[in-house]
Amino acid sequence: MSEPLVIIGNGMAAAKLVEELNARALGRYAVCVIGDEPRLAYNRVLLSSVLAREVSRGDIELKAAGWWRAHGVTLLYGHRAVSIDADIRRVKLANGATLPFGKLVLATGSKAIRLNVPGMDMPGVITFRDLADVASMEQAAKTHRRAAVIGGGLLGLEAAYGLAKAGMQVSVIHLMDRLMERQLDARASAMLKSAVEAKGIEVHLNAETAAIKGPHRAEKVLLKGGGEIAADLVVVAAGIRANSDLAATAGLTINRGIAVDDHMQSSKADIYAIGECAEHRGTCYGLVEPAYEQARVLAGHLAGQNAAYQGSVLATNLKVSGVNVYSAGDFIGAPGTENIVLSDPGLGSYKKLVLKDGKLAGAVLFGDTADGLWYSELIRLGTPVAAMRGDLIFGRALAERSLPKAESPKPLPPKDMAA
């Protein structure tokens with residue numbers, strides 16, 4: 001008989017794990033996927049595109065219902081797991097039912113951080129993490145005029161872009177001195193700010209939220225040090241936190257996330273964690289590609305292969321507020337590194353490569369990101385780039401053409417790339 005394998009979480013990491021298990025360990029496990037959202041797994045990266053009406057809800061569905069059935073997966077979406085008994089190996093659901101497991105995978109993702117300021121629980125204040133939030137924002141856009149988005153990171157800018165496309169007047173309130181400071185250097189961030197403002201979105205930097213005010217619902221955001229921003233809709237996109245509450249019921253070791261080893265196993269045998277809820281070697285990754293890499297490693301391990309996760313090169317490659325941006329590795333440049341920069345303000349294009357010891361250590365691209373995946377692979381593999389240094393900034397096609405044929409890197413296998 002197949003061993004019962006329960007996966008809690010019906011997001012992108014879980015879907016990738018099931019796909020990889022089907023390729024590596026077909027028939028070895030009886031897989032059951034539990035998700036508390038009442039819908040099939042979907043691509044969260046495209047939530048802002050749904051809000052902006054650039055794609056439909058159906059377009060972001062990862063796998064059709066027939067795919068899950070065809071692969072023998074029991075899919076329980078719209079069901080919330082409330083506790084785990086690691087001793088008797090059972091998961092309890094909110095409806096009182098329990099499910100046995102031989103092996104358990106937690107892919108519970110993350111939850112939005114709600115700021116500890118007055119008015120955060122007031123009507124008209126929402127977060128931006130899932131399709132339910134998109135539905136709330138769509139409804140608000142029909143009857144409300146001004147929106148304030150707290151957070152100028154990736155999610156905040158995506159929310160602002162979607163709301164602006166939906167016809168609202170939008171202000172972004174960001175605590176730091178530049179947008180997307182975790183993914184972009186100062187120059188790329190300044191270009192992004194200009195591009196965002198060109199779409200009619202106000203940007204307030206070095207601005208800290210003090211309170212949300214209104215007699216019955218949100219009407220304005222008060223800033224520390226004085227100043228206020230009118231808003232009848234406030235979207236909080238101030239960061240995420242690993243969703244580890246369920247793991248705590250099983251007595252697992254939890255730091256910033258669920259602590260896992262190189263096989264993605266938690267502190268208890270046969271219980272694993274992948275994706276945003278997992279902490280590997282002290283790092284919680286809030287991006288999709290590391291979650292996919294973890295899913296591949298775990299699938300290999302569960303299939304009996306010698307698979308181990310060594311960590312991921314942090315890379316972001318997507319469209320923010322209608323502009324392509326990319327970054328990977330040490331894109332700021334630690335001591336001992338050197339930079340190669342190509343900038344064309346007229347075309348709205350900026351590229352910076354960071355080199356160390358004859359290898360690519362980091363990259364940040366704005367506008368033209370076509371070679372982002374290639375740069376990411378060079379960083380990950382530690383490929384020497386001295387022989388193509390003169391053409392490296394111009395992209396793969398020109399850089400590899402300058403190499404002797406014997407030195408040309410082998411074609412890279414296709415990889416998923418999302419954030």
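In the list Tyr285, Tyr292, which residue meets the criterion of being part of a helix (DSSP H, G or I), assigned by TED's automatic domain parsing to the domain that holds Ile8 and either touching a residue at least 60 places away in the same chain (Cβ under 8 Å) or within 16 Å of the chain's Cα centre (by Cα) (or both)?
The conditions single out Tyr292.
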Legend entry - Given (1) without any contact (Cβ under 8 Å) to a residue 40 or more places away in the chain; (2) of a type outside the set (Asp, Glu); (3) in the same structural domain as Ile258 (by TED's automatic domain parsing); (4) more than 19 Å from Ile258 (Cβ to Cβ), index of the condition Lys92 fails: (4)
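Here is a yes/no grid of residues against (1) of a type in the set (Gly, Ala, Ser); (2) farther than 27 Å from Val134 by Cβ; (3) crowded, with 16+ Cβ neighbours inside 10 Å:
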residue	(1), (2), (3)
Gly162	yes, no, yes
Lys165	no, no, yes
Ser171	yes, no, yes
Ala190	yes, yes, no
Thr209	no, no, yes
Ala237	yes, no, yes
Leu252	no, yes, yes
Legend entry - Which numbered condition Ala186 misses (of (1) more than 25 Å from Leu287 (Cβ to Cβ); (2) surrounded by fewer than 18 Cβ atoms within 10 Å (Cβ to Cβ)): (1)
Legend entry - Selection within the range 44-70 - in contact with a Leu (Cβ under 8 Å, 6 or more places away or on another chain) and either assigned to a loop (DSSP other than H, G, I, E, B) or among the acidic types (Asp, Glu) (or both): Val55, Arg57, Asp59, Glu61, Leu62, Lys63, Ala64
Legend entry - Enumeration of residues in the range 23-35 that are crowded, with 18+ Cβ neighbours inside 10 Å and over 20 Å from Ala86 (Cα atoms): Ala25
Inset, instruction - Answer yes or no as to whether Ile88 is modelled with pLDDT of 95 or more, β-branched (Val, Ile, Thr) and closer than 27 Å to Ser266 by Cα. - result: yes
Inset, instruction - May I ask you to list pairs of residues, at least six apart or on different chains, whose Cβ atoms are under 8 Å apart, with the first in the range 316-344 being more than 23 Å from Gly382 (Cα to Cα) and the second being at pLDDT below 95 and of a type in the set (Asp, Glu)? - result: Val320/Glu158; Ser321/Glu158; Asn324/Asp368
Inset, instruction - Residues being farther than 12 Å from Ile7 by Cβ, under 24 Å from the mean Cα position of the chain (by Cα) and not charged (D, E, K, R): count how many of those fall in the range 78-108. - result: 2
Legend entry - Qualifying positions in the range 220-235 - at pLDDT 95 or above, surrounded by fewer than 21 Cβ atoms within 10 Å (Cβ to Cβ) and in a loop (DSSP other than H, G, I, E, B): Lys224
Legend entry - Every residue from the range 8-40 that is among the charged types (D, E, K, R) and closer than 12 Å to Ala299 by Cβ: Lys16, Glu19, Glu20, Arg24, Arg28
Legend entry - Extreme residue, nearest to Gly322 (Cα to Cα), among residues of the range 346-387 that are touching an Asp or Glu at 6+ places or on another chain (Cβ under 7 Å) and of a type outside the set (D, E, K, R): Ser349
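Among the candidates Arg178, Arg129, which residue alone is part of a loop (DSSP other than H, G, I, E, B), surrounded by fewer than 22 Cβ atoms within 10 Å (Cβ to Cβ) and out of contact with any helix residue (DSSP H, G or I) (no Cβ under 6 Å at 6 or more places or on another chain)?
Arg129
Here is a yes/no grid of residues against (1) within 30 Å of Arg44 (Cα to Cα); (2) hydroxyl-bearing (Ser, Thr, Tyr); (3) in contact with a Ser or Thr (Cβ under 6 Å, 6 or more places away or on another chain); (4) at pLDDT below 95:
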{"site": "Ala363", "(1), (2), (3), (4)": "yes, no, no, no"}
{"site": "Glu377", "(1), (2), (3), (4)": "yes, no, no, yes"}
{"site": "Leu381", "(1), (2), (3), (4)": "yes, no, no, yes"}
{"site": "Met388", "(1), (2), (3), (4)": "no, no, yes, yes"}
{"site": "Arg401", "(1), (2), (3), (4)": "no, no, no, yes"}
{"site": "Asp416", "(1), (2), (3), (4)": "yes, no, no, yes"}
Inset, instruction - Output the number of residues of the range 71-101 satisfying the condition of being closer than 11 Å to Cys32 by Cβ and assigned to a loop (DSSP other than H, G, I, E, B). - result: 4
Legend entry - Single condition Arg69 does not satisfy, out of (1) crowded, with 18+ Cβ neighbours inside 10 Å; (2) over 27 Å from the mean Cα position of the chain (by Cα): (1)
Legend entry - Residue ID - farthest from Ala198 (Cα to Cα), chosen from residues in the range 341-384 that are of a type in the set (Val, Ile, Thr) and buried (at least 16 other Cβ atoms within 10 Å of the Cβ): Ile379
Legend entry - Hits in the range 40-59 - residues which are exposed (fewer than 15 other Cβ atoms within 10 Å of the Cβ) and of a type in the set (Ser, Thr, Tyr): Ser56
Inset, instruction - Would you tally the residues in the range 154-175 being part of a helix (DSSP H, G or I), within 23 Å of Asn317 (Cβ to Cβ) and of a type in the set (A, V, I, L, M)? - result: 6
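The values are calculated or read from the model by the stated rules, or taken from the named source; none is laboratory data. The model shown is predicted, which means the values in this text are computed figures rather than measured ones. Reconstructed Cβ throughout: ideal geometry from the backbone, glycine too, with neighbour counts over all protein chains shown.
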